[in-house]
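Below is one structure, written out as structure tokens; comments come after it.
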Amino acid sequence: MKITQTEIYKLTIPMEPFVIATEVSYFTQNIFIRLHTDEGITGMGECSAFPMLVGETQNTCFEVAKDFARITNGKDPLDIEARMQELHQYIAFNSTIKSAWDMALHDLAAKHAGLPLYAYLNGRIKTIQTDLTIGIDTPENMAAKAIAFVADGVKIIKVKLGKKGKDDVERMRLIRNAVGSDIQLRIDANQGWDFDTAVSTLQRLGEYDIQFCEQPIPHQYDQLLPQLRKLSPIKIMGDESIFDHHDAIRLIEANAIDYINIKLAKSGGLLEARKIADESAKRGVECMLGGMLESRLALTAKVHFAMSHDNIRFYDLDTCLLGQLKDPVIGGAVYNNYFLEINDQPGIAADIDDDFLKGCEKIII
């Protein structure tokens, strides 16, 4: 099999403003690709750029994608490791756009094998229940949103924090009082606190039965995480500090974290994400599967991946529910009362509507 042609699109989906500690998003900054082959099989891939985390934008991904297409066209897509190694040798970092290629190559390989992606990855169907995230707002507005979430059937709420510690404590006090004790709460500071603020805030939040805190301090201060972990009554999950399995091993063996958040846009795709999950499992550390602002296409790939690793126990797969105003995806995973369901068609079994793509900037190489 040979790749004959690559379609590259800027997949921009309008959304309601979503606020975290480091950024406000008004639309997705996604790239969608199709890899065509001489056997008539097409592989789909998508990535979502988050500049404040990965240093990539939709524009940088689009430009690098042109080079990737020229590198992989005419090559065998079934040799995924060789194709990805060529991309790594061409350019360092750029994990986000690499993840789109990795996804499309895995889609092709699974389709060629006649298997759904999770089965191609030696996985099995399992129950996947996502949380739903509340962006940063006033404490009162966030508590009101939490009440609305619970009324809609949400059982797990993730809360974005990382501003002033005192205000963050008030946010969680009002939210816990609003939803009661049966709702699972988890928090994400997105590197927004300094060390002292993280210590005092987490200690004050200890009374609110919080499952874990993602990335309380900036990744530049990873050396402080072991001390913070000892002082915190809330378990610590590494996110922005962990891009690959080397990062995972380093932080686990430093006793710096309790859990790891895996994101395809950080790891460069499924190949590296599998290594992170495997190395974490060897060391008894459980993982969460998260994301940026992907459409349901990349979401579907993530659901398949989650089904391939038993130590991926937490799911932050609500990206399509965070105010995206259009859903251009055909097929793919569906939400059923915050549980995610997929079918057994080969590959990822999802595509982007051609009518939507007509309005997107594109290039075919």
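When the range 137-157 is filtered for residues that are charged (D, E, K, R) and either without any contact (Cβ under 8 Å) to a residue 12 or more places away in the chain or assigned to a loop (DSSP other than H, G, I, E, B) (or both), the ones remaining, listed by number, are ASP137, LYS145, ASP152, LYS155.
Within the range 186-224, the set of residues being surrounded by fewer than 20 Cβ atoms within 10 Å (Cβ to Cβ), polar (S, T, N, Q) and not in a helix (DSSP H, G or I) comprises just one member, GLN211. Report the residue count in the range 210-240 for those that are in contact with a helix residue (DSSP H, G or I) (Cβ under 7 Å, 6 or more places away or on another chain) and of a type in the set (Asp, Glu). So the count comes out to 2. Residues of the range 29-58 being of a type outside the set (A, V, I, L, M, F, W, C), part of a loop (DSSP other than H, G, I, E, B) and surrounded by 22 or more Cβ atoms within 10 Å (Cβ to Cβ), which ones? Of everything in the range 29-58, those that are of a type outside the set (A, V, I, L, M, F, W, C), part of a loop (DSSP other than H, G, I, E, B) and surrounded by 22 or more Cβ atoms within 10 Å (Cβ to Cβ) turn out to be GLN29, GLU56.
Quick check: is even one residue across the range 65-75 free of Cβ contacts under 8 Å to residues at least 60 places away in the same chain and part of a loop (DSSP other than H, G, I, E, B)? Taking every residue of the range 65-75 in turn, none turns out to be free of Cβ contacts under 8 Å to residues at least 60 places away in the same chain and part of a loop (DSSP other than H, G, I, E, B).
Taking the listed residues ALA104, ALA92, ALA113, the one that is loosely packed, with under 15 Cβ neighbours inside 10 Å, of a type in the set (A, V, I, L, M) and under 24 Å from the mean Cα position of the chain (by Cα) is ALA92, with no other qualifying. Among the residues of the range 333-365, the one identified as surrounded by fewer than 20 Cβ atoms within 10 Å (Cβ to Cβ) and at positive phi is ASN337. Checking the range 118-129 against the condition returns no match, with no residue being surrounded by 23 or more Cβ atoms within 10 Å (Cβ to Cβ) and not basic (Lys, Arg).
State yes or no: is GLN227 part of a helix (DSSP H, G or I) and either more than 20 Å from VAL169 (Cα to Cα) or of a type in the set (A, V, I, L, M) (or both)? For GLN227, the condition - part of a helix (DSSP H, G or I) and either more than 20 Å from VAL169 (Cα to Cα) or of a type in the set (A, V, I, L, M) (or both) - is met. Of all residues in the range 1-28, exactly one satisfies the criterion of being without any contact (Cβ under 8 Å) to a residue 60 or more places away in the chain and either surrounded by 18 or more Cβ atoms within 10 Å (Cβ to Cβ) or among the acidic types (Asp, Glu) (or both), namely GLU23.
Here is a yes/no grid of residues against (1) closer than 14 Å to LEU357 by Cα; (2) under 17 Å from the mean Cα position of the chain (by Cα):
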{"site": "ILE8", "(1), (2)": "yes, no"}
{"site": "LEU11", "(1), (2)": "yes, yes"}
{"site": "SER25", "(1), (2)": "no, yes"}
{"site": "ASN30", "(1), (2)": "yes, yes"}
{"site": "HIS36", "(1), (2)": "no, no"}
{"site": "VAL54", "(1), (2)": "no, yes"}
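Restricting ASN261, ASN255 to those that are out of contact with any Ser or Thr (no Cβ under 6 Å at 6 or more places or on another chain) and part of a loop (DSSP other than H, G, I, E, B) reduces the list to ASN255.
GLY123 meets the conditions (1) within 24 Å of HIS309 (Cα to Cα); (2) modelled with pLDDT under 95 in every case but one. The failed one is (2). The strands (runs of 3 or more DSSP E) found wholly in the range 266-338 and carrying at least 1 residues that are farther than 25 Å from ILE183 by Cβ and either in contact (Cβ under 8 Å) with a residue 12 or more places away in the chain or among the aliphatic types (A, V, I, L, M) (or both) occupy 329-331. Looking across the range 4-28, just one residue is of a type in the set (A, V, I, L, M), part of a loop (DSSP other than H, G, I, E, B) and within 30 Å of ALA109 (Cα to Cα), and that is ILE13.
The values are calculated or read from the model by the stated rules, or taken from the named source; none is laboratory data. Just so it is clear, the model here is predicted, and its values are computed rather than measured. Note that each Cβ is placed from the backbone with ideal geometry, even for glycine, and that neighbours are counted across all protein chains shown.
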